[in-house]
Amino acid sequence: MSGATALVYELVWSKYLANVLGNSGQAHAVVLATFMGGLALGAYVFGRTADRVKNPLRMYGLLELGVGLYVFLFPSVLEFLSAAYLAVAVNMPEGVRVVPKLVLAALSLVVPTMLMGGTLPALVRHFSSKLSHVQRELARLYAINSLGAAMGVFLAGTTLVPAMGLAVSSRIAAALNILLALVAIVVARRYPPAQSAEAAASQEASSEEGDNVSYPRLAVRAALVGVMLSGFTSMLYQVTWIRLLTIVLGASTYAFTLILTAFILGIGLGSFWLMTRKGKGDLLRLFGHLQVGLVLSVCVALPLYVRLPNLFSNAQWLMNHTADAWSLYQIITFGFCCVVLLVPTFFMGAAFPAAARVATAKVEEVGRELGGVYLWNTVGTILGSALGGLVLMPWWGMEGNFIAGVVGNLLAAGAAFYASPQRPAKPLRAFGGLGVGLAAGVIFLVAMNGWAVTLSGIAQVRVPRHKPPAYQSQVDWFQRDVKAQFYQDDTFASVLVGQLNEHRFMRINGKIDASNGDDTETMVLAGHLGMLLHPREPENALVVGAGAAITTGSMLAHPVKHLDMVEISPAVIEAARLFKDDNRNAVDDPRTHVHVDDAKTFMALAPRKYDLIVSVPSNPWVAGVSGLFTRDFFQTVDKHLADDGVLVQWIHTYESSRDLIRLVVRTMRDTFPHATTWLGPSDIILVASRKPLSLDQQKVIARMARPDVKEDLARVDIHDLFTLLSKQIHSEEGQLEFAGPGPINTDDHNILEYSSPIAFFIGRQEVRVRDERRGADGGKRLWVHRYMEENPPTVEQLARLHRNLERFHAANDPLVRGAADRWHALAPDSPEAALALAKSALATSDLALSQSLLEPLINQGQREPKFVIPWLKLATARSWGARTVWTPNLGASAAAALGRQVAADHPQNAELAQALRGLCEALPASDCPDQKPASGPAVAAPMEP
């Protein structure tokens, strides 16, 4: 129970501190270092006390009672320290703010973590009245505590915090802690140490004499060094495994919870095995063999690591992605975590108590000596977490971390074999295991060079639409067709930039987060909307989230004087430079000031107020991102906006749910009284402010007419005010009606963080965002309605509108059909207008209208592929829908003949060839004599769209 509540606290406190210090890798390292440091200090200090007190169990109860009582004080303590931190840090340069961060974390966590750290030596001292008991009791307590910790982190991360929030979850754990403490104190009074000693004496009589041994000083020193090295490598591996599994499984908060659960579970199982191990033997030499076993388990598993994305994609493809299947999906995800983690962490769990027993020479001082072992182990742990994430990962990446871990384990094994009091005389027997581990490291680590790039390249966190190809096919495709232009592991993310034909994309932890393809409209409009609609010319602006920096580049097309761009991952900044042709060289523009930091932390300490803040983070199901959609974040934004300032907030609607979109809108409107919604259907952009925004048509037209702005908007087919206004979805009133009543997303109870991964898993559900453009009143409250009343659209404007909607909306979207209808009504003799309406009619299965429009065009001799392709698709639809052996479709055969003729003149037109193949699948082979038969259903490319 103590282990379970401790992990609840670690999870809750780390989230509390992340709200103050940020979600950056530096902040995580600071929190983990102070948490582990407090445990070690407590073990060292209270370990000495445990040797002197008459009743160690009573001491244990008092320590647990102190932890439980402190939890109720923690929010007040953190609030006071946070205010002090903000007052000090605001006057310090960004590079040295880690110092007050460390002080804040240390002061807030030192009391409870020291108390926690003292509990293990107290219990070991209570149970171990004889030296021979130390190994068994330490292993037993370590195993039980670790299994409890695994249960605690699992329940907290999957059930307790999602349902209750941070404050209530910590209070529930505190109540359990206090109950546990009171039980321990009562038991200690009813069963005094004398009775425990008698029970221990009876156990001692049946124990083996060989276990009651003290090790020489050299062996003790080797054990302490080994414990430090194993602590270092365990955290180095943990940092790297988390990154690896994040790329494979997706970076949701549930994935982190399951990874940590599997990690701790393996440690508990290893300790449990050591507890049950009987017989004589040199525990220091056993420690060395465990280190070699850890090396072998890592090296042999490397070929499996690269295949994990393919295996996980296959597992996802076989599942029915419904809400009922979510639990099964979590079980499968946990299974993947266990495959990677259980074996190596098993060796870790057995190694610590084995080495700790070597370093304990006197039962009378077992508390002090165990505290010393804990301290050495924690020094390695802190170095592993800090260096592994902050220094080594950016320096040499995941591959280098595994190499460093293997070297550290082999050094620990070598020291153990050398200092073993039972070292065999023959070198081969003494150091043979070390040679095996070294050989495995060389063979696997050298042979697998470059696996990290391949892993990121073939990862696909989204559900594949078709059965995934074989692993080797995915690798061949990536190496043959995709040019990897950039790859870097940093503290926060693994970033890959790839080029596929003309398509450049950025993968962050295995997920495509930016590209110069279909993402462009969202990124460009997010940059322009605030600039165009602001009541005055914005001079100071802030962008949250860099991505490909296309949004930043669009903002810089306007005469902004100072722009702060905040990005949590330094590798993303470097990768964005490869998109300089798409982002107008935004990263290196002299007006751009890049800050590698967590957005909430940066804004809390920002020295200026902004005219415009544009927030374009990743998807909310990615762990940590949902914090940018809470009331607390929006209130921070409000404090740092000028009186007439504007917030532009992006949120996606795909792989989400209507309730979650309403939650975000409702939460934002809780802070900002005025807002409208733009874009759609897959992404929406919220434009919010304290004061109502009115449309000044002439001002917006003048801003759009600037050469740089005009050129930038033209690449997403926005050439005039009419097309821009056509992107508005909600008026202020309509947005409030859509949001409706309901809960608010907060830092304490972050509903979005735990609900969005479930919506992402379901994925294919259709999200209906109430769109006033589709309303029965014709969108009379939208700005575009008033504009059309005053400025009836011309044929050219309608053509541009249709081209824009056709490019970024589904072909069967009624908006596309409506634009085509109005265009054709205004220009009935235009072949382009007729073609547009025919394609929309075909997409909505109005085959009769489509034929009535296309047939005259074909009969008039239109032989361009853009006219022939929909004609072939129409013939295909009619053939599949009406043709039987009794009703031959002669028109389809003629269409196929026309298609072959035009295809011969345009052999490079892939869309034309595909349309012709589709028609020929619906016809007898005699109707398509020159067409090769289809080889079966198309297999999706290994890369997500």
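Restricting to bridges with both residues inside the range 516-774, how much of the DSSP beta-bridge set is antiparallel, in percent to the nearest 5?
Details: 15 of 34 bridges.
The antiparallel proportion sits near 45 percent.
Can you work out the Karplus-derived ³J(HN,Hα) for every residue in the range 527-536? Use 6.51 cos²θ - 1.76 cosθ + 1.60 with θ = phi - 60°, whole Hz, and x for glycine or proline.
Karplus values, whole Hz, x for Gly and Pro: x, 8, 4, x, 5, 7, 8, 4, x, 9.
If each of S852 and R277 carries a label point 7 Å out from its Cα toward its Cβ, how far apart are those two points in nm?
Distance between label points: 8.5 nm.
List the cysteines in the chain whose Cβ has no other cysteine Cβ under 4.7 Å from it.
By the Cβ distance rule, which asks for a partner under 4.7 Å, the isolated cysteines are C299, C337, C338.
For the chain, what relative contact order do you get, as a whole percent, if you take Cα pairs closer than 8 Å and at least 6 residues apart?
Values: 1652 pairs, mean separation 108.4, N = 945.
Once normalised by length, the contact order is 11 percent.
Take R125, R773 and order them by how many other Cβ atoms sit within 10 Å, fewest up front. Could the numbers behind the result be given before it?
Numbers: R125 29, R773 18.
Sorted ascending by nearby Cβ count, the order is R773, R125.
In percent, what relative contact order does the range 436-580 have, based on Cα pairs under 8 Å that are 6 or more apart in sequence? Present the calculation step by step, with values, prior to reporting the outcome.
Numbers: 188 pairs, mean separation 26.6, N = 145.
Rounded, it is 18 percent for the range 436-580.
With N residues in the range 1-195, what two-decimal value do you get for its Cα radius of gyration over 2.2 N^0.38 Å?
Taking the Cα Rg and dividing by 2.2 N^0.38 Å, one obtains 1.09.
Provide the gained length on full extension for the span V88 to R658, in nm with one decimal, where the gain is 0.36 nm per separating residue minus the Cα-Cα distance. Show your work: numbers first, answer last.
Numbers: separation 570, 0.36 × 570 = 205.20 nm, distance 4.22 nm.
Full-extension gain reported as 201.0 nm.
Just grab the label-to-label distance for R171 and K580, each label 7 Å out from Cα along the Cβ direction, in nm (one decimal).
The modelled label-to-label distance comes out at 5.6 nm.
Quick check on the exposure proxy: order T671, T876 from fewest to most C-beta atoms within 10 angstrom. Walk me through the numbers before you get to the answer.
On the way: T671 19, T876 23.
Neighbour counts put them in this order, fewest first: T671, T876.
Which FRET efficiency value, to the nearest 0.05, is calculated for E537 and R190 with the Förster distance at 60 angstrom and r the Cβ-Cβ distance?
Numbers: r = 78 Å, r/R0 = 1.30.
E(calc), rounded to 0.05, equals 0.15.
Rounded, prolate or oblate: which fits the range 795-848 when a ≥ b ≥ c are the square roots of the eigenvalues of the alpha-carbon gyration tensor, with rounded for a/c under 1.5 and prolate only if a/b beats b/c? All intermediate terms of the calculation are to be shown ahead of the outcome.
Details: a/c = 2.11, a/b = 1.17, b/c = 1.80.
It comes out oblate by the Cα gyration axes.
If you stretched the chain out fully between S830 and Q499, how much longer would it get, using 0.36 nm times the residue separation minus the C-alpha to C-alpha distance? Show your work: numbers first, answer last.
Working: separation 331, 0.36 × 331 = 119.16 nm, distance 3.84 nm.
Net length gain for the segment: 115.3 nm.
Of K561/K710; K780/K866; K600/K727; K483/K839, which ones are farther than 25 Å apart at the Cα? Could you put the intermediate results ahead of the total?
Values: K561/K710 19 Å; K780/K866 35 Å; K600/K727 30 Å; K483/K839 35 Å.
Pairs exceeding 25 Å: K780/K866; K600/K727; K483/K839.
What does the highest-first list of 47-57, 77-87, 4-14 look like by mean Cβ count within 10 Å? Numbers along the way, then the final one.
Numbers: 47-57: 19.5, 77-87: 15.4, 4-14: 23.8.
By packing density, highest mean first, the sequence is 4-14, 47-57, 77-87.
With a 10 Å radius around each residue's Cβ, average the other Cβ atoms per peptide and rank 399-409, 226-236, 649-659, highest first.
Numbers: 399-409: 23.3, 226-236: 27.8, 649-659: 20.0.
In descending order of packing, they fall as 226-236, 399-409, 649-659.
Counting DSSP beta bridges in the chain, what percent are antiparallel, to the nearest 5? Walk me through the numbers before you get to the answer.
Numbers: 31 of 50 bridges.
If we restrict to bridges inside the chain, about 60 percent are antiparallel.
Would you kindly state how much longer the chain becomes between S327 and Q472 on full extension, computed as 0.36 nm times their sequence separation minus their alpha carbon distance, in nm to one decimal?
Values: separation 145, 0.36 × 145 = 52.20 nm, distance 3.05 nm.
Length gained, S327 through Q472: 49.1 nm.
Using only the alpha-carbon atoms of the chain, report the extent along each of the three principal axes, biggest first, to the nearest angstrom.
105, 68, 49
Between the alpha-carbon centers of the range 800-816 and the range 836-872, tell me the distance in whole angstrom.
17
With a 10 Å radius around each residue's Cβ, average the other Cβ atoms per peptide and rank 317-330, 605-618, 137-150, highest first.
Values: 317-330: 13.0, 605-618: 20.8, 137-150: 22.8.
So the peptides 317-330, 605-618, 137-150, ranked by packing, come out 137-150, 605-618, 317-330.
Can you list the aspartates and glutamates whose alpha carbon is less than 13 Å from that of K511, not counting same-chain residues fewer than 8 positions off?
List returned: E944.
Take the alpha carbon atoms of the range 745-779, find their center, do the same for the range 18-72, and report the distance between the two centers in whole angstrom.
41
Quick check on the range 472-622: of the DSSP beta bridges with both residues there, what percent are antiparallel, nearest 5%?
On the way: 16 of 30 bridges.
Here the share of antiparallel DSSP bridges comes out near 55 percent.
When the Cα centres of the range 338-358 and the range 449-516 are compared, how far apart do they sit, in Å?
Cα centroid of the range 338-358 versus Cα centroid of the range 449-516: 33 Å apart.
Please report the relative contact order for the range 609-734, taking Cα pairs under 8 Å with a sequence separation of at least 6, and give it as a percent rounded to a whole number.
Numbers: 164 pairs, mean separation 30.0, N = 126.
Once divided by the residue count of the range 609-734, the mean separation gives 24 percent.
Cut-off is 10 Å between beta-carbons; in what order do E855, E806 appear when sorted fewest neighbours first? Please report the intermediate quantities before stating the final value.
Values: E855 14, E806 20.
Lowest to highest Cβ neighbour count: E855, E806.
Would you calculate, for the chain, the mean residue ellipticity at 222 nm contributed by helices, counting each DSSP H stretch of 4 or more residues as -39,500 (n - 2.57) and dividing by all residues, to the nearest 500?
So the calculated ellipticity at 222 nm is -21000 deg cm²/dmol.
None of the figures in this text is laboratory data; all of them are computed from the coordinates on show. Here the structure is a predicted model, which is why all the values come from computation and not from measurement. We place every Cβ from the backbone using ideal geometry, glycine too, and count neighbours over all the protein chains shown.
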